[in-house]
Amino acid sequence: MLGAALLAGITLLAVTGLLSYAAYNPRFAVNDQTPDHGALGFYLFTWPTDPHWLYRLNQGVHVTLGVVLVPVLLAKLWSVLPKLFDWPPVRSIAQALERLSLLLLVGGAIFEFVTGVLNIQLYYVFPGSFYTIHFYGAWVFLGAFVVHVALKLPRMLSALRSRRLSTVLATDTAHTLPEEADPEGLVAAARPAAATISRRGALALTGAGSATLLVLTAGQSIGGVWRRTAFLAPRGQDPGSGPNGFQINKTARAVGVTADQIGSAWRLRLSGGPTALVLTRADLLALQQRTSALPIACVEGWSTDDQQWSGVPLAVLAAMAAVPDAAEVLVESVQREGSFRSAVLARNQLHDPRSLLALQVNGADLSTDHGFPARTIIPAAPGVHNTKWVAALTFRT
Ligand SMILES: Nc1nc2c(c(=O)[nH]1)N[C@H]1C(S)=C(S)[C@@H](COP(=O)(O)O)O[C@H]1N2
Ligand SMILES: [Mo]
């Protein structure tokens, strides 16, 4: 049963994880700096801008499910623990190959869960970019996972058929008998000790662990009243109230954005056409404003409900820069350090009329921490595509 839960869960984790990577648009080196995703990027496609909650759903599922599966993974590893102490460690070439594939499977699973959980909890201590190592780690793990499923699926199905769930749920520890001695050697053939936990106890413990994690995590992605139970969300802290009262990823101070950079001397530079254009915030406010209801949906799984952003569509700015048919736009922040100070947006994102250089949110000026004087906001895109404190837009054909 643990294997069946992991088979379904990890398959969904893999799909949402690979989709998330596609959403980063790794073709634009500035959005994702994984070198040579090469052949592994075979499936990449243009990430759509519809429905506008697409990344919010994808990443909420990926992160919440990853957290919820932790107890199942631990229980599954516990259930096969005797294999770790197999002696002698190598008996034949075939067995050595099998153990190597299990090393990739177990090591890969632990690596993916640990890097993922540390990243969403902001304790990211690994060298190199999270995307790079979580992405390569995923392919190593998935290779071993596919091999393992192919080898063990028949065994899992026959085990599921071997007894009825209702019988398992009605059996207490005193009546719990060991499995038949098996060729894999998971059961002590000679003198199995008495059970210390019933099968239903093991399932209940695992299920209760997963259910608890679900309640403590899901609110950061689904919002509403659940946001208040998301105690495990590192950004569940009170974001304040009012029009700008929703989650802030990095504050201006945290990334070294200073008051003069975003004060009255701030200008927006539009380039890519025959001549560059320099606009003040007042110039931008004098243009026709458009409002889009869009969420911020971070790769780390948390997201906001839809907020009412208003400002100038990026497509209008492209036309002002005399590049109306631009194929992409480089968005750069006043911020000088840090990986998220710029992004490249693809053609469909740039030309979607809901994609804005936002000046206001929920009827008020953007707060400093939400990106004043201006930030981008793009439908269905990962949070990192919504650059704050924008200073320059360079349209490219
Ligand atoms: N200049 C700049 N823009 C940025 C970031 C940043 O660190 N610097 N972080 C990005 C990330 S990862 C996210 S999830 C969103 C969060 O926006 P918020 O802080 O307004 O919620 O901003 C994005 N824009
Ligand atoms: Mo983010």
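Quick note: the coordinates plus some simple rules give every number you see, no bench work behind them. Only a predicted model underlies this, so the values are computations on that prediction, with no experimental measurement involved. All Cβ positions, even for glycine, are placed from backbone atoms using ideal geometry, and neighbour counts span all protein chains on display.
In what order do Leu186, Leu330 fall by count of nearby beta-carbon atoms within 10 Å, going from fewest to most?
Details: Leu186 14, Leu330 18.
In increasing order of surrounding Cβ atoms, one gets Leu186, Leu330.
Can you give the Rg to Rh ratio for the chain, taking only C-alpha atoms and Rh from Kirkwood? Don't jump to the answer; show the numbers that get you there.
On the way: Rg = 25.5 Å, Rh = 23.7 Å.
We get a ratio of 1.07 for the chain.
Using all alpha carbons of the stretch 2-229, what is the percent of pairwise distances in each 5 Å bin, ordered from the shortest bin to the longest?
1, 5, 11, 15, 17, 15, 13, 10, 6, 4, 2, 1, 0
In the chain, if the dipole is taken from +1 on Lys/Arg beta carbons and -1 on Asp/Glu beta carbons about the Cα centre, which of Val334, Leu40, Pro373 is farthest to the positive end?
Going by the Cα projections, it comes out as Leu40.
Where Lys and Arg each count +1 and Asp and Glu each count -1, what net charge lies around Leu118 among other residues with Cβ under 12 Å from its Cβ?
Numbers: positive: none; negative: Glu112, Glu300.
Every neighbour counted, the sum reads -2.
Using the Karplus equation 6.51 cos²θ - 1.76 cosθ + 1.60 (θ = phi - 60°), what ³J(HN,Hα) coupling, rounded to whole Hz, does each residue of the stretch 373-389 give in order, writing x for Gly and Pro?
My calculation for the stretch 373-389 gives x, 7, 9, 8, 9, 10, x, 6, 9, x, x, 4, 6, 9, 4, 9, 6 Hz in order.
About the Cα centre of the chain, what is the dipole size in debye to 20, counting +1 per Lys and Arg Cβ and -1 per Asp and Glu Cβ, all else neutral?
Numbers: 30 positive and 24 negative charges, 84 e Å.
So the magnitude is around 400 debye.
Among Ile296, Gln307, Trp87, whose Cα projects farthest towards the positive end of the dipole of the chain, with charges put on the beta-carbon of Lys, Arg (+1) and Asp, Glu (-1)?
About the Cα centre, the residue reaching furthest to the positive side is Trp87.
Please give the calculated 222 nm ellipticity per residue for the chain, where each DSSP H segment of at least 4 residues contributes -39500 (n - 2.57) and the sum is spread over every residue; nearest 500 deg cm²/dmol?
Values: 11 runs with 154 residues, N = 397.
About -12500 deg cm²/dmol.
Please identify, among Asp352, Asp325, Asp36, the residue showing maximal mean-square fluctuation in a Gaussian network model of the chain using a 10 angstrom Cα cutoff.
Among Asp352, Asp325, Asp36, the largest GNM mean-square fluctuation belongs to Asp36.
Which whole-number percent is the relative contact order of the chain (Cα, under 8 Å, 6+ apart)? Intermediate values should be presented prior to the final figure.
Values: 635 pairs, mean separation 74.1, N = 397.
Over the chain, the number comes to 19 percent.
Can you name the helices of the chain, as whole DSSP H runs, whose Cα span along the helix axis is 20 Å or more and whose Kyte-Doolittle mean is not below -0.5?
Flagged H segments are 2-23, 54-68, 93-120, 130-162, 199-217.
Need the list of lysines near Lys250 for cross-linking: C-alpha distance under 23 angstrom, and skip anything on the same chain fewer than eight residues off.
Reachable lysines: Lys388.
For the stretch 247-397, give the share of DSSP beta bridges that are antiparallel, in percent and rounded to the nearest 5; count only bridges with both residues there.
Numbers: 30 of 33 bridges.
Percent antiparallel among DSSP bridges in the stretch 247-397 is about 90.
May I ask for the net charge around Pro274, where only other residues with Cβ less than 15 Å from the Cβ of Pro274 are counted and Lys, Arg are +1 while Asp, Glu are -1?
Working: positive: Arg269, Arg396; negative: Asp325.
For residues surrounding Pro274, the net value is +1.
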